[in-house]
């Protein structure tokens, strides 16, 4: 049985965590990114399918490729962030189910040939995995700035289109045309001095029902 976390941990993960738009000039190391993935990968997904794919945009060249896909209001905060994660999903995620869900050999075939089931499962679960990424980032002392406000089709063509699969990466494991962007999340060390007052949230009785 899990033990409740203390107030300090709960504050860091939720109560005092903020969405940042301004960043300190402090890089995020490769080791931190590896620790980040090592934590978030354990979050549950349907049939352990793990459809999310992540591209960490950090180099000036990659940032310029990203710039053209952003809504105007998201350009400055993204260009000044230490890095931006593209949270995407692989429409061929089910090909890895024999490895990830071996006790149900027929699960791969359940998805194959059913594009509607593939799309809804991949998008829902990559959204979950993006949230796990944010919680893991906060647990490691990073701040987050999740956002939509970009042209998905343009981004997909730039980073996942034919001949551009993870261009510049050490490994090219994103199949052309089968990976689609979900949302973006700036990551780094936020400048708390530039935060605006925190907005309110709905109360329990406004958002929840007990049946």
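What the table shows:
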| quantity | calculated |
| --- | --- |
| Answer from 31, 64, 3 - the residue that is part of a loop (DSSP other than H, G, I, E, B) and either exposed (fewer than 14 other Cβ atoms within 10 Å of the Cβ) or more than 17 Å from the chain's Cα centre (by Cα) (or both) | 3 |
| Where residue 159 falls short, out of the listed (1) crowded, with 19+ Cβ neighbours inside 10 Å; (2) at pLDDT 95 or above | (2) |
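Matching residues to (1) closer than 25 Å to residue 26 by Cα; (2) surrounded by 16 or more Cβ atoms within 10 Å (Cβ to Cβ); (3) modelled with pLDDT of 95 or more:
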residue: 134; (1), (2), (3): yes, yes, yes
residue: 137; (1), (2), (3): yes, yes, yes
residue: 168; (1), (2), (3): yes, no, no
residue: 173; (1), (2), (3): no, no, no
residue: 185; (1), (2), (3): yes, yes, yes
residue: 195; (1), (2), (3): yes, no, yes
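The values are calculated or read from the model by the stated rules, or taken from the named source; none is laboratory data. In this text the structure is predicted, and so the values were computed from the model without any measurement. Every residue, glycine as well, gets a Cβ built from its backbone with ideal geometry; the counts of neighbours run over all protein chains shown.
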